[in-house]
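The values are calculated or read from the model by the stated rules, or taken from the named source; none is laboratory data. Because the structure is predicted, anything quoted here is derived from the model rather than measured. Every residue, glycine as well, gets a Cβ built from its backbone with ideal geometry; the counts of neighbours run over all protein chains shown. In case anyone asks, the SASA skips ligands and DNA or RNA and just uses the protein heavy atoms, side chains included. Shrake-Rupley method; radii C 1.70, N 1.55, O 1.52, S 1.80 Å.
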Amino acid sequence: MVNQDNNDLYDLNEALKVENLSIHDFEEICKRLKRKPNRTELGMFGVMWSEHCCYRNSKPLLSKFPTKGKNILVGPGENAGVIDVGNNQKLVFKIESHNHPSAIEPFQGAATGVGGILRDIFTMGARPIAVLNSLRFGNLDKPSNVELLRGVVSGIAHYGNCVGVPTVGGEIDFDDSYSGNPLVNVMALGLLETDEIVCSGAKNVGSPVLYVGNTTGRDGVGGASFASSELTTTSLDDRPAVQVGDPFIEKSLIEACLDAFKTGDVIAAQDMGAAGLTCSTAEMAANGNLGISIDLDLVPSREDNMSSYQYLLSESQERMLFVVKEEKINFLIEKFNKWGLNANVIGEVIEANEVIIFHKDKIVAQIPTSALSHDTPVDFHDVINNPPDYLLNKWKWKENNLPEINEEKIFSLKEKKIFSYSQIILKLLSNPSIASKRWIYKQYDSQVQANTVFKPGESDAAVIRLREQMEKNKNKIFSGVAASVDCNSRWVFLDPFRGAIAAVAESARNVSCVGAEPIAITNNLNFSSPENEIGYWQLASSCNGISEACKALDTPVTGGNVSLYNESKNKYNEITPINPTPVIGMVGKLQNVEKAVGSGWKNVNDQIWLIGSHKSEITIAASSYLEYFHGEITGRPPKIDLLDEKFCQSFLRTSILNSFVVSAHDISDGGLAIALAECCILSSKGALIEIDKDLDRDDNVLFAEGGSRIIFSIDKMKELEWLNYLKTNQISSHSDIYVKKIGSVMSETLNIKIQGRNICNIEVEELTEKFNNSISGHF
C-alpha cells in the first residue's frame, strides 16, 4: 500500500500548474492508478508525460519516418541510433537539445547539454569520438544576445574540452525570433567498443539495480517539465531547474562504464538524463517488460533532508543506472570505486510490471511501468488543410519586385542606397549568419584524440578517422565517418515542407562534398507550441518533408529529439515563436580518409567546375541576399528534385574517389558568389570565373540559392583524363544534370565575369578580412 501521510494534502490546481498537467491528465492518472496519486507520484507523471519525455504531441508524426535500412542496427527507441560503417565497426550517434536551460543559464545549460548527449552515446557501449552543435541566437545588435552567445559557447567549450571529446563542427544562425529563446542542439558520435550493443531493457528478476556516478542533489528538479513549457519573463526564477555539470566526473564515468561493459556483467544500462531516477527506472523496467523496486535511502546524496519528490525528479548530472549480474556486484562496485565514483545497489528487478519506490521504510510511489513509459498519453491535433494566408501572400513574391539593375549596380531596399556587386559580396560575407564562425570554434578543442581530419571550417562536413584497416596489398588505410548538422530556418519558415526537404538534402550534400556516402540521420525538431494551429502545421509539414527526403536519399532516421514550446512571452503576454528549426544530423562513411577533400582550392590553375540539376529550382526568393541586402524575408523556397539531388551527390563522390576532384563546396547561403568567395578565403587563392547568363538577372546568377549545386575543382594535371571520364561516365545520359567548367584557380583575386562583363574583382585579402572579423567584432 502506497504511503500517503500528508503527501496527498496538496492544492490540486497549484500542483497541476507546477507539473504542467491538465485536469484531464489528472483524471487519467487516477484511472490508471485506481486511486488519487500522492504528490510524489504526481511529479513523476508530470515529467514522464511531458513532451520532452513522451513526445505526446509529436508521436503520431514521428511514426511516419523511415527507420530501417541495410546499415541500421538500432533505430528509434534506445538511447541512441547505431549503424554499421563497415570493417566490423559500429557508429553510435544522436542529437539532443538543451534550449530552455541555456536561455536562463547559458553556461551550465550548454555544458550539461554536451554531458547529456555524451552519456547517451557511451551508455550504448561506445566511446565518444566527436561532438557537433547547431546553435540559434537573436541578432547580435542586442547585448543580451551577445552575452547568451558568449555563455553558451563557453559552456560547450568547457565541458567538451575537459572531457576530452573533440568538437569538430556545427552551424549557427542569427534571427530576431530566437532573441528570447535560443536553440542549443548538440550531436555526438561514438565508436562501439563492446562486442554487443548495450541496451536499456531490464532482465532477470532479482538482479541488482546499481546506481553509479555523481551524487544526487536538488539541482535540475523538474527540468523535463520546464523544458516542455514556454519561456516567460519569470523564467529566470526556474534557474534551480538547470543542472550543474562536472566534466571530470563524466570522464571517469566514460572510462569506468566502458570497462564494466566489456566484462559482460552489465545486463542493461540507462543514463539519468531528463526526469532523472524516475525516467531511468521506468524506461528500464518497461523496455524489459518487468518491474523495478528501489529504495531512495540507498541513493548517494549531496544534500540533507531531500524529499522523495526531489530524489526522483532531480536531474543531477553524471549519473547512471545499471542492472547487473548478482554474483558480480562486488567486482563491479570495486571497478567503479577505483575511478572515484559512487556505486551503490539501490534496488532490484521485480516480476510485477511496476515501479515501486521506498523512502524511509515506506512505499512512496507505486506505478505501473506502462503508465510512465510505453502507454503515455497522445495529444492529437488537426492539421490545417492549406498553408496560412500570410505564407500564400509571401509566395506571390516575384523577382520583378526588385529594383532594376543599372550598370552592374543595384539599389538596396533595406539601406536605400546603391551598391556595386563587389560591395554586396563583401556585405553578405560580413553578415554573422554567413561570416566565419572562427571566434566560436577556436574556443573548442577539435584535435583531441588526434583523429580529426579537417579543422572546423575547412570542409563542408567533419571527418573523423577510425581504426586502421589492412588492404590486400598490406597497405594500411584508415576508414572514417563524416558528419554534418544543417537547417535553413528561413526556408522552413517560408515553406516547412520544402525547407525540411532542403535540410536533409543539404546535410547529405555536405557529407558528399568530403567524399563520404550519406547513411542515416538523427534529427532535432525545434518548434513552437503545437497547441497553435500554425505551429502544429509547421511541425507536421516538416516531418512530412523529412520523411520524403530520407526515403529518396536512402538515409533512414535512427532517432533524435523533439523540442516544442520554443517561444517567448513578454510582460504584455505577447508571444514570439521561433522560426521552425528541424535540425538534421547526417552521418556518412568513407572507406579511406586519405581520399577526403576540403572546401578550399588546392592549386593555382586547377579547373573550377559546377554540377547541378535543371529540375531543382534556382531562385533569389527566400534567399540570404533577399533578407540581408534588401531586408525582405519573402518568396517561396526553391523546390528540390530529390532524384537529381541524389545523382549529383553520387557523381561527385565517385569523382572524388577516382582522385579527379581535389576540393568541393556546396552552394547554399548567399548563392554562387558567396560559395566561390568562401573557397578563395579558405585557400588564400583567387579565382577567375566566367559564366554564361542563363538567368534573367545578374543578381540571380550571383546570389540565387537552390539547384542542388556544388562547385568543385579538378587537379590541373588531370584535365584530359577528366574530360575522357565525363564522356564515358553515365552523366551524358542524364539530360537534366549539367556539369560545366566555370573557371580556374588564380593567385590573389576573385574575378567574376558574366558574358564577358566584369562583375566583380576583389582581393582575397579583403574578402578574408570581412569574413573573419564579423562575429569577433561584437566582442
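Just give me the residues in segment 315-340 being touching a strand residue (DSSP E or B) at 6+ places or on another chain (Cβ under 6 Å), closer than 23 Å to Gly217 by Cα and crowded, with 22+ Cβ neighbours inside 10 Å, in sequence order.
Scanning segment 315-340 gives Ser316, Glu318, Arg319, Met320, Leu321, Phe322, Val323, Phe336.
Pairs only if they're at least six apart or on different chains, beta carbon under 6 angstrom, first in segment 413-429 and of a type outside the set (Val, Ile, Thr), second part of a loop (DSSP other than H, G, I, E, B) and open to solvent by less than 20 Å² (accessible area, probe 1.4 Å); list them, first residue then second.
Once the first residue is of a type outside the set (Val, Ile, Thr) and sits in segment 413-429, its partners that are part of a loop (DSSP other than H, G, I, E, B) and open to solvent by less than 20 Å² (accessible area, probe 1.4 Å) give Leu413/His630; Lys414/His630; Phe419/Ser412; Leu428/Ile434; Leu428/Gly670.
Is it the case that some residue within segment 218-241 is farther than 30 Å from Asn532 by Cα, in a loop (DSSP other than H, G, I, E, B), modelled with pLDDT under 95 and not aromatic (Phe, Trp, Tyr)?
yes
Quick test of your reading of the structure: Ile710 fulfils all but one of (1) at negative phi; (2) open to solvent by 10 Å² or more (accessible area, probe 1.4 Å). Name the failing condition by number.
(2)
I'm trying to understand the selection: among the residues of segment 151-187, which are farther than 21 Å from Asn510 by Cα, open to solvent by less than 10 Å² (accessible area, probe 1.4 Å) and hydroxyl-bearing (Ser, Thr, Tyr)?
Tyr159, Tyr178
Just the residues that are more than 30 Å from Asp84 (Cβ to Cβ) and open to solvent by 20 Å² or more (accessible area, probe 1.4 Å), please, taken from segment 188-218.
Within segment 188-218, Val205, Gly206, Asn214, Thr215, Arg218 meet the criteria.
When you go through Asn344, Asn337, Asn289 one by one, which is the residue that is under 26 Å from Lys262 (Cα atoms), of a type in the set (S, T, N, Q) and part of a strand (DSSP E or B)?
Exactly one of Asn344, Asn337, Asn289 is under 26 Å from Lys262 (Cα atoms), of a type in the set (S, T, N, Q) and part of a strand (DSSP E or B), namely Asn344.
Condition check ((1) within 13 Å of Gly559 (Cα to Cα); (2) surrounded by 18 or more Cβ atoms within 10 Å (Cβ to Cβ); (3) of a type outside the set (Asp, Glu); (4) within 20 Å of the chain's Cα centre (by Cα)) across all residues:
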{"position": "Ser22", "(1), (2), (3), (4)": "no, no, yes, no"}
{"position": "Asn38", "(1), (2), (3), (4)": "no, yes, yes, no"}
{"position": "Glu41", "(1), (2), (3), (4)": "no, yes, no, no"}
{"position": "Lys64", "(1), (2), (3), (4)": "yes, no, yes, yes"}
{"position": "Ile72", "(1), (2), (3), (4)": "yes, yes, yes, yes"}
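Can you tell me which residue is modelled with the highest pLDDT among those in segment 689-700 that are closer than 22 Å to Leu652 by Cα and open to solvent by 10 Å² or more (accessible area, probe 1.4 Å)?
Of everything passing the filter in segment 689-700, Glu690 is modelled with the highest pLDDT.
Quick check on this structure: which one of Asn772, Asn729 is surrounded by 15 or more Cβ atoms within 10 Å (Cβ to Cβ) and farther than 30 Å from Asp173 by Cβ?
Within the list Asn772, Asn729, the selection yields Asn729.
State all residues of segment 415-429 that are surrounded by 14 or more Cβ atoms within 10 Å (Cβ to Cβ) and among the charged types (D, E, K, R); if no residue qualifies, say none.
Lys427, the sole residue that qualifies.
Quick check on my filter: what residues within segment 320-334 are touching a Ser or Thr at 6+ places or on another chain (Cβ under 9 Å) and in a strand (DSSP E or B)?
Met320, Leu321, Val323, Val324
Scan (1) on the phi < 0 side of the Ramachandran plot; (2) under 34 Å from the mean Cα position of the chain (by Cα) for the single condition Gly340 breaks and write down its number.
(1)
Whether any residue in segment 352-364 is out of contact with any helix residue (DSSP H, G or I) (no Cβ under 7 Å at 6 or more places or on another chain), within 29 Å of Arg32 (Cα to Cα) and surrounded by 23 or more Cβ atoms within 10 Å (Cβ to Cβ) is what I want to check.
no
What are the residue pairs meeting all of these: first residue in segment 279-291, first residue farther than 9 Å from Asn353 by Cα, second residue in a helix (DSSP H, G or I) and polar (S, T, N, Q), Cβ atoms under 7 Å, and 6 or more apart or on different chains?
Partner pairs satisfying both residue conditions: Ala282/Thr369.
How many residues does segment 571-601 contain that are modelled with pLDDT of 95 or more, more than 21 Å from Ala188 (Cα to Cα) and of a type in the set (Lys, Arg)?
Selection size over segment 571-601: 1.
Residues of segment 736-763 being more than 35 Å from the chain's Cα centre (by Cα), at pLDDT below 95 and among the charged types (D, E, K, R), which ones?
Correct list: Glu748, Arg757.
Check Ala260, Ala202 and return the single one that is more than 18 Å from Ala282 (Cβ to Cβ), modelled with pLDDT of 75 or more, of a type in the set (A, V, I, L, M) and more than 28 Å from the chain's Cα centre (by Cα).
Ala260
So, of the residues in segment 694-746 that are assigned to a strand (DSSP E or B) and aliphatic (A, V, I, L, M), which turns out to be farthest from Arg509 (Cα to Cα)?
Of everything passing the filter in segment 694-746, Met746 is farthest from Arg509 (Cα to Cα).
Considering segment 532-549 alone, what residues qualify as being acidic (Asp, Glu) and either in contact with a Lys or Arg (Cβ under 8 Å, 6 or more places away or on another chain) or modelled with pLDDT under 95 (or both)?
Matches in segment 532-549: none.
Do any residues in segment 388-411 that are farther than 17 Å from Asp696 by Cα and open to solvent by less than 80 Å² (accessible area, probe 1.4 Å) have Cβ atoms under 6 Å from those of residues that are at pLDDT below 95 and assigned to a strand (DSSP E or B), where the two are at least six apart or on different chains, and which pairs are they?
The qualifying pairs do not exist here.
For segment 242-257, enumerate the residues that are in contact with a Ser or Thr (Cβ under 8 Å, 6 or more places away or on another chain) and at pLDDT 95 or above.
Answer for segment 242-257, where residues must be in contact with a Ser or Thr (Cβ under 8 Å, 6 or more places away or on another chain) and at pLDDT 95 or above: just Cys257.
Go through segment 653-664 residue by residue and tally those that are crowded, with 24+ Cβ neighbours inside 10 Å and within 25 Å of the chain's Cα centre (by Cα).
So the count comes out to 1.
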